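Read-outs: derived from the displayed coordinates by stated rules, not from any lab. Since the model is a prediction, treat every value here as computed from it, not as a measurement. Cβ: placed from backbone, ideal geometry, glycine included. Neighbour counts: every protein chain shown.
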Amino acid sequence: MMIENTSGLLPLGRAVLVEYYEPERKESVIVIPDSVQERSVSLEQRARVIAIGSHCWPDEEPRAKPGDYVMISRMAGYGCRGPGDNKLYRFVNDRDIFASITHIGE
């Protein structure tokens, strides 16, 4: 699934532009307050690929493409706001993507 990059940001070299996402919660799920749970551990690792630099994964098959949901290293990259849409994004190195998320939930 291709997505449109409305961020106004274009990754260069081996950079990948991602945005964090939080899976939808169902009513039957128990919600733990932020004061008890460190949200960054569970949320900051899940991201959706927005755009990929031209030199990503030069010696192997691409690990992801725009529109894919992935897991990224927790402390990876540089966060910023997109000048085009004012959303929060993160630039990560292509090597910081370590898993593809194949089941998003229904």
Cα centre as origin, Lys/Arg/Asp/Glu Cβ charges: the stretch 66-106 dipole, Debye: 220 debye
Label point distance in nm, Ile3-Arg95, each placed 7 Å from Cα along Cα→Cβ: 2.6 nm
Distance (nanometres) between label positions extended 7 Å along Cα→Cβ at Asn86 and Tyr21: 2.4 nm
Two-decimal ratio, the stretch 49-106, of alpha-carbon radius of gyration to 2.2 N^0.38 Å: 1.19
